[in-house]
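This is the structure, below, for whatever I ask next.
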Amino acid sequence: MAPDHTGMAESEARLDALEAACRKVGAKLTHQRREVFRALVETDGHPDAQAVFLTVRRSMPTISFDTVYRTLAFLEDHALVRRVRLSADRIRYEVNPRPHHHFICTCCGRLFDFESRALDALTLPEAATGQGSVSGWQLQVYGTCRDCERTLRESGEGGES
């Protein structure tokens, strides 16, 4: 299979954005920052800090979890990654800059991005905007993903669909 040049170009553009953000605030573009960011850009999922740490540690065995965690905070502070909060103790990270929403599987915990012009066009109700200044929003849909549905069906644990 031929390499995905579009994906590589997008990845390089994101790495250029990291370099520009570092320059803008006078921070060094360290090898650690680059590798943490690369781990996020090159995944198709929404890893938590531990998963990013384990990925980066493959190429940088001496990196500490604290360095990864601080780097994630730096990237978030500079709008290069976004935090996806599943609950008070479950935080994942993403680099998808396009407007999108999430489907979250309540069985396996996987997150899937989906785009919807219809949802993006909705006007938030006063019940939400009246709480304060809204800087953005995403819809989170909870359910059972296709893989888990199939597994449940095959094991006889799932109900009729």
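The values are calculated or read from the model by the stated rules, or taken from the named source; none is laboratory data. Just so you know, these numbers come straight off a predicted model, no measurement behind them. Using ideal geometry, Cβ is built from the backbone for each residue, glycine included, and neighbour counts are taken over all protein chains shown. The protein model used for the area step is the full one, side chains on, heavy atoms only, and it has no ligands, DNA or RNA in it. Shrake-Rupley method; radii C 1.70, N 1.55, O 1.52, S 1.80 Å.
Return only the number of the condition from (1) open to solvent by 90 Å² or more (accessible area, probe 1.4 Å); (2) at pLDDT 90 or above that TRP137 does not satisfy.
(2) is the only condition that TRP137 fails.
(1) open to solvent by 90 Å² or more (accessible area, probe 1.4 Å); (2) under 24 Å from VAL25 (Cβ atoms): which one isn't true of ASN96, the others all being true?
Of the numbered conditions (1) open to solvent by 90 Å² or more (accessible area, probe 1.4 Å); (2) under 24 Å from VAL25 (Cβ atoms), the odd one out for ASN96 is (1).
Looking at ASP89, ASP77 in this structure, which one is surrounded by fewer than 11 Cβ atoms within 10 Å (Cβ to Cβ) and without any contact (Cβ under 8 Å) to a residue 12 or more places away in the chain? Step through it out loud before you land on a result.
Working: ASP77 fails: surrounded by fewer than 11 Cβ atoms within 10 Å (Cβ to Cβ).
Answer to the check: ASP89.
Looking at (1) more than 22 Å from CYS145 (Cβ to Cβ); (2) surrounded by 13 or more Cβ atoms within 10 Å (Cβ to Cβ), which is the one condition that is false for PHE103?
Condition (1) is where PHE103 drops out.
Output the residues belonging to the stretch 22-59 that are surrounded by fewer than 14 Cβ atoms within 10 Å (Cβ to Cβ), outside any helix (DSSP H, G or I), over 14 Å from the mean Cα position of the chain (by Cα) and not basic (Lys, Arg).
Within the stretch 22-59, GLY26, ALA27, THR30 qualify.
Determine whether the stretch 58-81 contains at least one residue that is in contact with a Lys or Arg (Cβ under 8 Å, 6 or more places away or on another chain), under 13 Å from HIS46 (Cα atoms) and among the charged types (D, E, K, R).
no
Kindly provide the set of residues from the stretch 116-161 that are under 24 Å from the mean Cα position of the chain (by Cα) and of a type in the set (Ser, Thr, Tyr), ordered by number.
SER116, SER133, SER135, TYR142, THR144
Does ALA121 meet the test of being within 30 Å of ASP16 (Cβ to Cβ), open to solvent by 50 Å² or more (accessible area, probe 1.4 Å) and of a type in the set (A, V, I, L, M)?
For ALA121, the condition - within 30 Å of ASP16 (Cβ to Cβ), open to solvent by 50 Å² or more (accessible area, probe 1.4 Å) and of a type in the set (A, V, I, L, M) - is not met.
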